[in-house]
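Undergrad: Take this structure first; my questions come after.
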Amino acid sequence: MPILEGKELRIVGFLCNWCSYGGADTAGVGRFKQPTDLRVIKVPCSGRIDPLFIVKTLMAGADGVLVSGCHPRDCHYSEGNYYARRRLEMLKRFLPIMGIDPKRFDYTWVSASEGQRWQEVVTKFTEQIHELGAAPKIAGAEAEETLKLMEAAL
Amino acid sequence: MQNLKDLKEQVRKALPELDVVIGWTGGYDPLHATPHFIRRDEDIDKLQVNALCVHNLATYLPSMRGKKVGIIVKGCDSRSVVELLQEKLIDRENVTIFGFGCNGVVDQTKIRRIVGDVGNIESCEVSGSEVKVSASGTEHKLAMSDVLSDKCATCRYPNAVLSDHFAGDEVTTTATFEDGYKDVEEFEVKPEEEKFGFWLKEMDRCIRCYACRNACPMCVCRDHCVAQSRDPHWLSQEAHVRDKWMFQVIHAYHLAGRCTECGECQRACPVDIPILLFKKKMNKEIKDVFDYEAGINPDATPPLMTFKIDEDKITERKW
Ligand code: SF4
Ligand code: SF4
């Protein structure tokens, strides 16, 4: 039995370089306690996040995806997060037709100084995913295969 | 169509100024119509316009940019033309639109299910309420209402929304936006696992022929499609259901706020995968959030290509 079974789920976080990644960093520097399920992928701007990244992540076997960018009006590139907001909102509304619980995906805004807020967001989101449990998987999805290899190696 | 004569007259008058007019004509058997490229006067006589003319001819327009093209459109097709204009993929001054009021087109899949062997069609007669097909020596009388395309049963735009020439009378309709999305709503309320399982099963049939993409008038990337691109490498060439399903989500997402629901993707699919459902779901949400429908106003900007600083219908997360 894998060592982390039941304790951790696979959550992927897409964080913008300027605000939310900084916010997560602030939380770390401040030594705020955080769940360890989230794996962070840093992107230059939330506007760089193609909603299809999230679909692909979920189809590859993630149990949850969190996107976080700069607050509206605070985007380093002025308007990246405004476009992101529209695209991500549509994704959240699209997921149910695929049979994916829309609670498995969320997007939010955290600034670089908001370490505390980051702690809250990541804790609440992780709790939400744990309530839902492991996501339905597509047999043969990339992450599943990788995980099997990793487990074999343990 | 009663006013085929008028339409032919309009095409005849305009043809000298145009490189080509795209319409429909009889196909390889009496049951199918096929796209028809009119370049000379004698081609006009072969023009056919009836319930068998299902193809959305707007698909050809972007690749003919720079030429003077005339195009014959049903209501739904006209929305594709408008959407192409909105996105500046075609030029208004180079396109001449011949519109008419459409009473609906047939769904060949429904006919195939009733008639069975469609390999040997001897004749086909279409009237307003009936399709008479004789195949392999048997005559079938099909009620139009049984073989009508689903999209036509709830059509809100039977008349060309934009045209330079309009043949015949306008068709009236009472359908509302909500009528068209009952199927989406019915599917949506099913349990999550059931929906997930449904798509796994449906998508497994996909043969990755990309007919859905090629038939779509708004799929304009063609040779640069992410389905085949290796940089970025979105999809592998494996015949795994995850890649096939992913492709359909890509299609739906690249069409978000642009799809006019002509239904060509689903019609073209040789294995009858209900892929229109994804696009309809997206349109339903687009309407809800942005109060927007694609392909109505040539001057509008599709909602995902723009933004509002304070969105009316998007609420920020509380945490
Ligand atoms: S996605 Fe399908 S319904 Fe939408 S415009 Fe393309 S072919 Fe038509
Ligand atoms: S037309 Fe059907 S079978 Fe062909 S790629 Fe599209 S969904 Fe797959």
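The values are calculated or read from the model by the stated rules, or taken from the named source; none is laboratory data. Predicted model only: the values in this text are computed from it and were never measured. Cβ coordinates were reconstructed from backbone atoms using ideal geometry, including for glycine residues, and neighbour counts include every protein chain displayed. All accessible areas refer to the heavy atoms of the entire protein, side chains included, with ligands and DNA or RNA removed. Shrake-Rupley method; radii C 1.70, N 1.55, O 1.52, S 1.80 Å.
Undergrad: Rounded to the nearest 20 debye, what is the charge dipole size of the protein assembly as shown about its Cα centre when +1 sits on each Lys and Arg Cβ and -1 on each Asp and Glu Cβ? Let's see the in-between values first.
TA: Values: 63 positive and 71 negative charges, 184 e Å.
Approximately 880 debye in magnitude.
Undergrad: Grab the DSSP H runs of chain A that are 4 residues or longer, score each as -39,500 (n - 2.57), total them, divide by all residues and round the 222 nm result to the nearest 500 deg cm²/dmol. Display every interim value, and only then the final one.
TA: On the way: 5 runs with 68 residues, N = 154.
Helices in chain A give a 222 nm mean residue ellipticity of -14000 deg cm²/dmol.
Undergrad: If you don't mind, there's one more thing I want to ask. In terms of modelled amide H atoms, which long-range or inter-chain residues lie less than 5 Å from the amide H of A:GLY13?
TA: Sorted by chain and number, the residues that satisfy this are A:ARG39, A:VAL40, A:ILE41, A:LEU66.
Undergrad: Taking a label point 7 Å from the Cα of A:ARG31 along the Cα→Cβ vector, which residues of segment A:94-135 have an amide N closer than 14 Å to it?
TA: From segment A:94-135, the list is empty.
Undergrad: Of all the Cα-Cα pairs you can form in segment B:55-117, what percent are over 19 Å apart?
TA: Working: 766 of 1953 pairs.
Looking at segment B:55-117, the distances longer than 19 Å represent 39 percent of pairs.
Undergrad: In debye, nearest 20: dipole of chain A around its Cα centre with unit charges on the Cβ of K, R (+) and D, E (-)? Don't jump to the answer; show the numbers that get you there.
TA: Working: 20 positive and 19 negative charges, 73 e Å.
It comes to approximately 360 debye.
Undergrad: Still on this structure: Percent of accessible area on the protein assembly as shown owned by carbon and sulfur, 1.4 Å probe?
TA: Working: 11080 of 21680 Å².
Answer for the protein assembly as shown is 51 percent, counting heavy atoms of protein chains only.
Undergrad: Do any trypsin sites (Lys or Arg not before Pro) in segment B:1-104 lie in a DSSP loop with no more than 16 other beta carbon atoms within 10 Å, and if so, which? Numbers along the way, then the final one.
TA: Values: sites: B:LYS5, B:LYS8, B:ARG12, B:LYS13, B:ARG39, B:ARG40, B:LYS46, B:ARG65, B:LYS67, B:LYS68, B:LYS74, B:ARG79, B:LYS88, B:ARG92; in loops: B:ARG39, B:ARG40, B:LYS46, B:ARG65, B:LYS67, B:LYS68, B:LYS74, B:LYS88.
Taking segment B:1-104 and a limit of 16 other Cβ atoms within 10 Å, the loop trypsin sites (Lys or Arg not before Pro) found are B:ARG39, B:ARG40, B:LYS46, B:ARG65, B:LYS67, B:LYS68, B:LYS88.
Undergrad: Any idea what the dipole of chain B comes to, in debye rounded to 20, about its Cα centre with Lys/Arg Cβ at +1 and Asp/Glu Cβ at -1?
TA: Numbers: 43 positive and 52 negative charges, 129 e Å.
Roughly 620 debye, rounded to the nearest 20.
Undergrad: For A:LYS7, list the lysines whose Cα falls under 27 Å from its own Cα; do not include residues on the same chain fewer than 8 positions away.
TA: Within the straight-line limit of under 27 Å, A:LYS7 reaches these lysines: A:LYS33, A:LYS42, A:LYS56, A:LYS92, A:LYS103, A:LYS124, A:LYS137, A:LYS148, B:LYS318.
Undergrad: Compare the Cα positions of B:ASN214, B:GLN228, B:HIS251 along the charge dipole of segment B:143-266 (+1 at Cβ of Lys, Arg; -1 at Cβ of Asp, Glu; about the Cα centre) and return the one farthest towards the positive end.
TA: With unit charges placed on the Cβ atoms, the residue in question is B:GLN228.
Undergrad: Compute log10 of I(q)/I(0) for segment A:1-74 with the Debye formula, placing one identical point scatterer on every Cα and leaving out solvent, at q = 0.14, 0.15, 0.16, 0.26 Å⁻¹, to two decimals.
TA: These q points yield log10 I(q)/I(0) values of -0.50, -0.57, -0.64, -1.20.
Undergrad: Among all lysine pairs in segment B:71-204 that are eight or more places apart or on different chains, how many have alpha carbons less than 19 angstrom apart?
TA: 9
Undergrad: Something else about it: If Rh is defined by the Kirkwood formula over all Cα pairs and Rg also comes from Cα, what ratio Rg/Rh do you get for chain B? Show your work: numbers first, answer last.
TA: Details: Rg = 20.4 Å, Rh = 21.0 Å.
Using Cα coordinates only, the ratio equals 0.97.
Undergrad: What Kirkwood radius, in Å to one decimal, follows from the Cα pairs of segment A:60-154?
TA: On the way: mean 1/r = 0.0653 Å⁻¹.
The Cα-based Kirkwood calculation yields 15.3 Å.
Undergrad: May I pose another question? If you build the Cα gyration tensor of segment B:173-265 and take the root of 5 times each eigenvalue, what three semi-axes come out, in whole angstrom, biggest first? Provide the component values of the computation, followed by the final result.
TA: Values: eigenvalues 132, 77, 22 Å².
Over the Cα atoms of segment B:173-265, the semi-axes work out to 26, 20, 10 Å.
Undergrad: Return the long-range amide H neighbours of B:VAL54 (sequence gap of 5 or more, or a different chain), with a cut-off of under 5 Å between placed amide H atoms.
TA: Under 5 Å from the amide H of B:VAL54 lie the amide H atoms of B:ALA33, each far enough along the sequence or on another chain.
Undergrad: Another question, then. Apply the a/c threshold of 1.5 to the C-alpha gyration tensor of segment B:72-231 and tell me whether it is rounded, prolate or oblate. Present the calculation step by step, with values, prior to reporting the outcome.
TA: Values: a/c = 1.44, a/b = 1.03, b/c = 1.39.
Rounded.
Undergrad: Work out from phi, with θ = phi - 60° and the Karplus expression 6.51 cos²θ - 1.76 cosθ + 1.60, the ³J(HN,Hα) of each residue of segment B:260-275, listed in order in whole Hz, and give x for Gly and Pro.
TA: 9, 6, 6, x, 5, 4, 5, 4, 6, 5, x, 10, 6, 8, x, 6
Undergrad: Tell me, rounded to the nearest percent, the portion of alpha carbon pairs in the protein assembly as shown spaced more than 37 Å apart.
TA: Details: 39198 of 111628 pairs.
When every Cα pair of the protein assembly as shown is considered, 35 percent fall beyond 37 Å.
Undergrad: Kindly provide the helix-only [θ] at 222 nm of chain B, computed as the sum of -39,500 (n - 2.57) over DSSP H runs of four or more divided by all residues, to the nearest 500 deg cm²/dmol?
TA: Values: 12 runs with 102 residues, N = 319.
Rounded to the nearest 500, it is -9000 deg cm²/dmol.
Undergrad: Could you do me a favour and compute the accessible area per residue for segment B:21-73, 1.4 Å probe, result in Å²? Intermediate values should be presented prior to the final figure.
TA: On the way: 2060 Å² over 53 residues.
With all protein chains present, segment B:21-73 gives 39 Å² per residue.
Undergrad: When the Kirkwood radius is taken over all Cα pairs of segment B:101-168, what Stokes-Einstein diffusion coefficient follows at 20 °C and 1.002 mPa s, in µm²/s? Walk me through the intermediate numbers first.
TA: Numbers: Rh = 13.3 Å.
It diffuses with D of about 161 µm²/s by this estimate.
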